[in-house]
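The block underneath contains the structure these notes are about, expressed in structure tokens.
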Amino acid sequence: INEFGVDAKVRFGTNKTLGLTVNPNFTEVESDIARDSINNPFNPFKPEKRSFFQSGSPVYNTLLPMVYTRNIRFPEWGANYIQNTRNSTTGLFYVEDAETEFVMPDNLGSDTMNVAIESNASAFRYEQSFGKKSLGVLGTLRQGQDNYHNYVGGVDGLWDLSIDDKLRFQLMYSDTQYNEAFADDLCESGDCTRDPIPDFCPLGNCGTNAYVQRADYERKLTGHAFRFNYKHDGPNGLYWLNYYDVHRDFRGDLGFQKQVDYRSVNLAYGQKWYLRVPNDDGESRIRAYGVFTETRSQANEDIETAYALYGEFRGWKQTVFRFGPTWKSRAVNRINQNSLELGDNAPLFDEHYWLWYYEISPWSQWTFNFDGKYGEQADSDNLRLGDLREFKPRVRYQLGHIEIDAKATHRIFDVEEGQLYKEEFYTLGVTYRSSKIFSHRLLWLYDITERNLAIWLGSETAKETSNSVEYTAIYQPSSALRILSGFKFEDELDSDVDDKRYLTNRELYVKLEYTFSKGFD
């Protein structure tokens, strides 16, 4: 497959920029490394890598993430406009997309929806500052074939009450119409939008699910989303209040809206202390705080009640150490997948686990991390409470022209009958700059997932592995010209019987980027 892409940028004076692009989709030669556990029912966030979208992303950052350009998967062409003045910011973009992809939310999880229909995506943002206050408006639009549309609009504001105190809010409203293809893409098996569905459709043996029902194509969906945030972060203490209210029919198809049909309050309070550590020039800080969260559905059904306590140290040798217990009463999935009701249909599990984050840089070239989780947690795919062990070591090295980043995730989930699943993720990234204009980049990813099918609900495979090796040589003689060439190989195993691996992707590529930039006074 041969592809051709162009980026152009025109600057008008010092504060206005017009960007144009054709085929800006280059993520396939810059692998994604945002991976998460099969036990997490919510989609992981993936950072944007395409320069056309990166350049304007800060303009659209709001309390509720309504613009998530990774939902624009195969853009054919687009244009954007950014204007920054002393007291205001304006942003506008429009993109034609060859496919339609977005996050379909529920109150217990989210799933990715992808339909092979053309659509367009656009967003408008304006923010005006008034001293220590600001007020903004944001609107997004996605529409495509077969009468699909998603319109979102609203207002947001920020008030700097003092150096340490900030108050923020955002209120959005959406109008959405899906078609049957959207719901059909979310079916667990078969054509669940047309097949007869029994009154009782148990987890693990049901074609439909909550996401199919959230993509209700037989009616127009309208609803609101509201968030309020107050935070105090002073030299001696901190506290915050977060409040969410998201209607069951609110949809933000251009954003990262991964949860709907809920109300939630999140509170925290803590104190800070300072001390001098021997052989350290700076001052270290100790912080202790507690966090409370309660989440209920719009029908006032229990979703989650959580308490957490954390102790944190920051200081000596650039150390960050955070450690503490969490207690939760949480609904993770429904027994009858043919109903959106919670209550007795979504039992609450009492979880208790410990979380920690550790980072230290004893020498300027080296940084070490060791994060983890240990304790009782519920599994959403099997409606089981089990013992989770999760360890995530990481080592980073940078000296002169070379950078090395190696990290791993080791996760085991045990129940009474034995090990329910095991996950292992490995990543190695190496960058070497041989000169000012020439560099090399190597990325290796290796993932293993093993399930115990004797106690696993549903039709999954016992073992899945994926292996990816990618090498890129980068030649950049000027700020406008960049040439990338290299290769990428991927193989996978998805089997209950043997360990034979299959080559699933092989790429040899040359990528030419030239940015046309012209300024006008």
query = At what distance in angstrom do the alpha carbon centres of the stretch 254-312 and the stretch 446-477 lie from each other?
reply = 32 Å
request  = At 0.36 nm per residue, minus the direct Cα-Cα distance, what do L275 and L20 gain on full extension? Give it in nm, one decimal, please.
outcome  = 86.5 nm
request  = Over the chain, calculate the relative contact order: mean separation of alpha carbon pairs under 8 Å at least 6 apart, over the residue count, as a percent.
outcome  = 9 percent
key: Amide hydrogen neighbours beyond the local backbone of L203, cut-off 5 Å, H modeled   = Q337
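So which of K49/K220; K46/K373; K133/K272; K46/K328; K46/K133 end up more than 25 Å apart, counting from Cα to Cα?
Beyond 25 Å: K49/K220; K133/K272; K46/K328; K46/K133.
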message = Along the Cα→Cβ direction, 7 angstrom out, place labels at E513 and D302. What is the inter-label distance in nm?
response = 5.1 nm
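Normalised by the residues of the stretch 261-460, what does the relative contact order come to in percent, with Cα pairs under 8 Å and at least six apart? Walk me through the numbers before you get to the answer.
Numbers: 494 pairs, mean separation 21.3, N = 200.
In percent, rounded to a whole number, it is 11.
Mind checking Rg over Rh on the stretch 98-217, alpha carbons, Kirkwood formula for Rh? Before the final figure, lay out each step's value.
Values: Rg = 19.3 Å, Rh = 17.0 Å.
So for the stretch 98-217, dividing Rg by the Kirkwood Rh gives 1.14.
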query = Given 0.36 nm per residue, what is the gain on full extension from Q476 to E460 after removing their alpha carbon distance, in nm?
reply = 1.2 nm
key: Reciprocal mean inverse distance between Cα atoms of the stretch 261-460 - Kirkwood radius, Å   = 20.3 Å
task = Report the label-to-label distance for F370 and F487 in nanometres (one decimal), using points 7 Å from each Cα along the Cα→Cβ vector.
result = 3.8 nm
message = Tell me the volume per residue, in Å³, of the convex hull enclosing the alpha carbons of the chain.
response = 179 Å³
ask   = How far apart, in nm, are two points set 7 Å out from the Cα along the Cα-to-Cβ line at D191 and at D164?
value = 6.4 nm
remark   = the stretch 190-288, convex hull of Cα, quarter of hull surface, nm² -> 12.1 nm²
remark   = Partner lysines whose C-alpha sits under 25 Å from that of K132, ignoring same-chain residues fewer than 8 away, are K16, K166, K231
query = How large is the helix-only mean residue ellipticity at 222 nm for the chain, computed as the sum of -39500 (n - 2.57) over DSSP H runs with n ≥ 4, divided by its residue count, in deg cm²/dmol to the nearest 500?
reply = -500 deg cm²/dmol
request  = Could you let me know the centre-to-centre spacing of the stretch 182-204 and the stretch 322-382, using Cα atoms, in angstrom?
outcome  = 29 Å
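Throughout, read-outs are computed from the coordinates displayed, never taken from laboratory work. These numbers come from a predicted model, not from an experiment. Positions of Cβ are backbone-derived with ideal geometry, glycine not excepted, and every protein chain shown enters the neighbour counts.
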